[in-house]
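The values are calculated or read from the model by the stated rules, or taken from the named source; none is laboratory data. None of the values given here were measured: they were computed from a predicted structure. Methodologically, a virtual Cβ is constructed for each residue, glycine included, from the backbone with ideal geometry; neighbour enumeration extends over all protein chains shown.
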Amino acid sequence: MKPPFNPWPLGIVLAFAVFIAGTATLVVLACSRRSELVRADYYEQEILHQQQIDRLERTQRSAPDARVTYDRARARLEVSLPASQALRGPQGQIHLYRPSAANLDRHIPLDLDASGQQTLDATGLEPGLWRVRVSWSVDQEDFQLDQRLVVEPKS
């Protein structure tokens, strides 16, 4: 008499075969993908990043009262830099950056009055999060102010 068919040995062999095939597939996929973690010009990018950090720290030391405020009632942005720097004729720009929509970004030249203030019309700004970056140079020193602000919907 013939013993009944036992599926366990075949199931164990098939499970190992599926495991080995799956592992081999994952290895082939992982090896065929580019996985560079740094850019080809990573050294230059690191220098630029360090320069940005230096500008931000210089601003905190030399111009701690620099700020950007949003006046919702009048729909305007007010950029304030120290009057001592404003009198020395700073050159720079204001970058309004919208993280969720790059087509809404704006670059505005820095044009301060004698008291170190500049007012911008904000009626065209879409409601939501904006990042404002004010970059300027005074006496061959670069400064940068980064600030977040939320433009609220018109009521």
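Checked against the criterion of being out of contact with any His (no Cβ under 7 Å at 6 or more places or on another chain), within 23 Å of W130 (Cα to Cα) and of a type in the set (S, T, Y), the candidates S32, S80 yield just one match: S80. Taking the stretch 85-98 as the range and being modelled with pLDDT under 90 and within 21 Å of K154 (Cβ to Cβ) as the test, only R98 passes.
Residue under question is A75, and the condition is that it be touching a residue at least 12 places away in the same chain (Cβ under 8 Å) and either among the hydrophobic types (A, V, I, L, M, F, W, C) or farther than 30 Å from A122 by Cα (or both); does it hold? Yes; evaluated as a whole, the condition is true for this residue.
With a requirement of 1 or more residues that are exposed (fewer than 12 other Cβ atoms within 10 Å of the Cβ) and not basic (K, R), the strands (runs of 3 or more DSSP E) lying completely within the stretch 70-125 that satisfy it span 91-97, 106-109, 117-121.
Criterion first (surrounded by 12 or more Cβ atoms within 10 Å (Cβ to Cβ) and part of a helix (DSSP H, G or I)) does E46 satisfy it?
In short, yes.
Listed here are the residues, each with its yes/no results for (1) aliphatic (A, V, I, L, M); (2) in contact with a helix residue (DSSP H, G or I) (Cβ under 7 Å, 6 or more places away or on another chain); (3) loosely packed, with under 10 Cβ neighbours inside 10 Å; (4) outside any helix (DSSP H, G or I).
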| residue | (1), (2), (3), (4) |
| --- | --- |
| A15 | yes, no, no, no |
| A30 | yes, no, yes, no |
| Q51 | no, no, no, no |
| D54 | no, no, no, no |
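For I108, the stated conditions do not hold, so it cannot be described as in contact with a Pro (Cβ under 9 Å, 6 or more places away or on another chain), within 30 Å of E126 (Cα to Cα) and either in contact (Cβ under 8 Å) with a residue 40 or more places away in the chain or among the hydrophobic types (A, V, I, L, M, F, W, C) (or both). One residue is enough: does the stretch 78-99 have a residue meeting the conditions touching a residue at least 12 places away in the same chain (Cβ under 8 Å) and of a type in the set (D, E)? Checked the stretch 78-99: at least one residue is touching a residue at least 12 places away in the same chain (Cβ under 8 Å) and of a type in the set (D, E). Inside the stretch 126-155, residues that are part of a loop (DSSP other than H, G, I, E, B) and surrounded by 18 or more Cβ atoms within 10 Å (Cβ to Cβ) make up a count of 0.
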